[in-house]
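Participant: Structure provided below as structure tokens; questions to follow.
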Amino acid sequence: MRWRRVVLVGFMASGKTTVGAALARRLGWRLIDIDAELVAREGRSVQEIFAAEGEAAFRGLEARAVRDALDEREVVVVPGGGWAAAAEGRIHALPADTFTVWLRVSAEAAVARARASSVVRPLLAGTDPMTTASALLAEREPFYAPARLHLEAEEKSPDHLAVNIASQMQSSLPRS
Ligand SMILES: Nc1ncnc2c1ncn2[C@@H]1O[C@H](COP(=O)(O)OP(=O)(O)OP(=O)(O)O)[C@@H](O)[C@H]1O
Ligand SMILES: O=C(O)C1=C[C@@H](O)[C@@H](O)[C@H](O)C1
Ligand SMILES: [Mg+2]
């Protein structure tokens, strides 16, 4: 396998953290979940960082943590859902030996999953999460689209998605 790392992108609650963990187990690679990394570095939750510092500051911390993660090999890197869309060309700028995956979900599924999960997503915490999610998803999709592999992530289990990703990695090579 010539791929050195994987980056999973997709909307909030598309399953990046869950699928990333399953994929890391399958590959025997390390998971670097950037939200978890920021919580560990900052000693407070994503919600608290957003509340105290604002979104722009959060994006700065996030960008730095992703840059650090990209120095590693044999890692599954899971940025938060906003990383790919926070600046132009983020996926294009990744090292060529990075396998990129977009986990696709509808706004409806994202909101339902976010509602059912215990993690607070500050951008969906308002009074009308469905309207917010629809607008944000439409805005972000063009940023996720340069990912090499697009997977529908609503119907299949995290393990099934991880098997699919690992198999596509086995059967392809980075451009040299
Ligand atoms: N393929 C799946 N099928 C059903 N439920 C899933 C699937 N993937 C993830 N989930 C569930 O959806 C919720 C959100 O998943 P997860 O936290 O992995 O999303 P995320 O993309 O990392 O979100 P964020 O960008 O906000 O960190 C969790 O409760 C998880 O168990
Ligand atoms: O999509 C987003 O903008 C976010 C996703 C989460 O992973 C967190 O990084 C935070 O809630 C913001
Ligand atoms: Mg996550």
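Participant: With a 10 Å cut-off between alpha carbons and a GNM built on the chain, which of Trp102, Trp83, Trp29 moves the most?
Facilitator: Ranking Trp102, Trp83, Trp29 by mean-square fluctuation puts Trp29 first.
Participant: May I ask you to compute the full-extension gain from Ala116 to Thr132, defined as 0.36 nm times their residue separation minus their alpha-carbon distance, rounded to one decimal in nm?
Facilitator: Taking Ala116 through Thr132 to full extension adds about 4.0 nm, to one decimal.
Participant: In square nanometres, what is the average projected area of the Cα convex hull of the chain?
Facilitator: Details: hull surface 38.0 nm².
The orientation-averaged projected area of the Cα hull of the chain comes to 9.5 nm².
Participant: Hey, what number do you get for the chain at 222 nm if only DSSP H runs of n ≥ 4 count, each worth -39500 (n - 2.57), divided across all residues, to the nearest 500? Don't jump to the answer; show the numbers that get you there.
Facilitator: Values: 7 runs with 84 residues, N = 176.
The helix-only estimate for the chain comes to -15000 deg cm²/dmol at 222 nm.
Participant: For the chain, what's the relative contact order in percent, using C-alpha pairs closer than 8 Å and at least 6 residues apart? Present the calculation step by step, with values, prior to reporting the outcome.
Facilitator: On the way: 263 pairs, mean separation 66.7, N = 176.
Computed value for the chain: 38 percent relative contact order.
Participant: Give me the number: length gained by fully extending Ala125 to Ala96, i.e. 0.36 nm times residue separation minus the C-alpha to C-alpha distance, one decimal in nm.
Facilitator: Full extension of this stretch gives 6.8 nm more.
Participant: Could you state the number of Å between the C-alpha centres of region 1-54 and region 117-176?
Facilitator: 12 Å
Participant: Springs between alpha-carbon atoms under 10 Å, Gaussian network over the chain: tell me which of Val77, Val120, Val105 tops the mean-square fluctuations.
Facilitator: Maximum among the listed residues: Val120.
Bear in mind these aren't lab numbers, they're just calculated from the coordinates by the rules spelled out. Computed from a predicted model, the values in this text were never measured in an experiment.
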